[in-house]
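For reference, the structure is listed below as C-alpha cells.
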Amino acid sequence: MMFSSCRDLDKKGTHTQLEQAKMNKELLSGIVRVNFEGTFDDKTMNLYVLKNKNGVEAAFSNYGQRLVSLMVPDKNGKMEDIVLGYSSLDKYQKGNGGYFGATIGRYGNRIAKGKFEIDGITYDLAQNNNGNHLHGGLKGFESVVWDVDSVTQNSIRFKRTSPDMEEGYPGNLNVTVEYTLNDDNELRIEYYAITDKKTHVNLTHHSFFNLKGEGEGTVNDHIMQINSSCITAVDEGLIPTGVLMPVANTPFDFNSPKTIQSGLDIAHEQLTIGRGFDHNFVLDQDKKNEEGLYVAAKVKEPKSGRVMEVFTNEPGVQFYGGNFLDGKTIGKNRGNYEFRGALCLETQHFPDSPNQKNFPSTLLEPGQQYKSICVYRFSIE
C-alpha cells in the first residue's frame, strides 16, 4: 500500500499505529478492516472476507449482514467492486443509503399502513415510508449486529433472535442466514427461521449492483432479462393494488433481453408512479435451473462483459433501478452515486402479502421452518 502525502507519516518518518493497522489489514478491494471494527449495542462488529479459487472476494460486516464489497473480474480479468456502499461502519450508520448490501427483515418491501391481522388481532408496525411500513421498520435487520455462528474461507453463517414484538411483529423469531461463495462464482444466500407465535416473514438481500463497478455511472445500459409474465401493479404509495398486470406490450416485458433504458423510454403510468422501475415481478415458475430453483433474472454489462444471473425458490423478484439515488451519496472510492447508478434484484414474496389474500402467504406458524434461497451467479460473456 502506498500513501500520497507526508500526512500519512508521523514526525519520525514511520507510519502511525492506525495507518500501520490499515496497511496490515487492507483488502484487495481497498476496504480496510479497521474501519469496520467497533461495538454497537454492546456487540462487537467485524469484517469477514470470503474468497474462492478464482479471486472473487466478498466482504461482509456483521452489522446488518452487509455485503460491503464484491470483487468480480471483467472479460480482461480486471477486478472491480460491483456493489455500492461506504468505506466505514460509521458511514453506514449515518449515511442516506441505509439498505446498501443489507439483509432485510422481518419483512422485505412494503406493508400497507403498517398493519396486518392474525387470528383477529391487529398488529401495528412502524409507518416509516409515506404512511406505510418498509423493510422491517425503524430498526430492521439492516441496523442490528448479528452473531457469527461459523466462518470458513468461503462461507459465513449469521444468527440472531428477533424478540417478540420487535418493530411490532409477534413471536420470537430465530433467524439463521448463510452465505457461500463457491468456485463457480456463485454467491449463495440461504435464510432459515422458526417462530414461537404466528408471524409474517419475508427476508431478502438488498445489494445495489453496478456491473461496471460501483460509482461508474448509470446502469441504464445494462441488458436485463426477467422471466416474468406479470407484475404486481402498485398505487401511488407503491402498495400493490391486488392486480397482476401482464407485462406484454409494456416497458416491463424483459422476457427477451433489452437495455433498461429501452424500457424507460416507453411512457407508462406504473413507471411514473415508481419514478422508474421499482416493482415486484411475478416469476414464471416453469423455468428452473439444475437445482430446481426458479430462473429469475439475468443482467449483462456490455463493455465489461460481466454477467449476473439470479436464481431463487421465491415467487417474486423486486427490480429496483436506483430511482432514489441522487448524486449526493459519496461511495467507497469517493465517487458520487448518481441517479439510476445501480440496480437491485431482491428475491422475495410479494409486497403487502399479509393484507392481500390472493397473494402467496408469508405467514409462518410454530412448528414450521421458513427457508428462502437466493443465488447470484457471476460470469463473462
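Bear in mind that the values in this text are calculations on the coordinates, not laboratory data. These numbers were taken from a predicted model, which means no experiment stands behind them. Heads up, the Cβs are rebuilt from the backbone with ideal geometry, glycines too, and the neighbour counts pull from every protein chain shown.
Quick notes
- With the simple model of a label 7 Å out from the Cα in the direction of the Cβ, residue 290 to residue 221 spans 3.4 nm.
- With contacts taken as Cα pairs under 8 Å at a separation of at least 6 residues, the chain carries a relative contact order of 17 percent.
- Measuring nothing but how far apart in sequence close Cα pairs (under 8 Å, 6+ apart) lie, relative to its length, the range 188-257 scores a relative contact order of 25 percent.
- Gain on full stretching of the segment that runs from residue 250 to residue 75 - 0.36 nm per residue minus C-alpha separation: 59.7 nm
- Three principal axis lengths of the range 255-360 [C-alpha, angstrom, descending]: 41, 34, 29
- Net charge of Cβ neighbours under 15 Å - reference residue 254; Lys, Arg +1; Asp, Glu -1: -2
- The GluC sites (Glu not before Pro) of the range 109-180 include none that DSSP puts in a loop with a beta carbon having at most 16 other beta carbons within 10 Å.
- Scanning residues 5 or more positions from residue 347 or on other chains, those with amide H under 5 Å from its amide H are 205, 318, with H placed 1.01 Å from N in the peptide plane.
- Considering only 277, 89, 136, the residue lying farthest towards the positive end of the dipole of the chain is 89, judged by Cα position with unit charges set on Cβ.
- In nm, spacing of pseudo-spin labels at residue 235 and residue 174 (7 Å Cα→C-beta vector): 4.0
- Taking every alpha-carbon pair under 8 Å whose residues sit at least 6 apart, the range 247-336 reaches a relative contact order of 24 percent.
- Each residue of the range 172-250 gets 202 Å³ once the volume of the Cα convex hull is shared out per residue.
- The value obtained for the range 128-224, namely the Cα convex hull volume divided by the number of residues, is 163 Å³ per residue.
- Annotation: amide H-H contacts under 5 Å for residue 364 (H modelled 1.01 Å from N, sequence separation of 5 or more, or interchain): 199, 200, 201.
- Mean-square fluctuations from a GNM of the chain, with a 10 angstrom spring cutoff on Cα atoms, peak among 216, 290, 309 at 290.
- Gaussian network model of the chain, springs between alpha carbon atoms under 10 Å - residue of 326, 41, 90 with greatest fluctuation: 41
- Magnitude of the charge dipole for the chain, about its Cα centre and with charges confined to Cβ atoms of Lys, Arg (+1) and Asp, Glu (-1), is about 860 debye.
- Greater than 30 Å apart at Cα, pairs in 75/139; 113/198; 197/357; 53/298; 94/212; 75/258: 75/139
- Rough spin-label spacing in nm, given labels placed 7 Å along Cα→Cβ, for residue 155 and residue 333: 3.2
- Kirkwood's formula applied to the C-alpha pairs of the range 50-103 gives a hydrodynamic radius of 11.9 angstrom.
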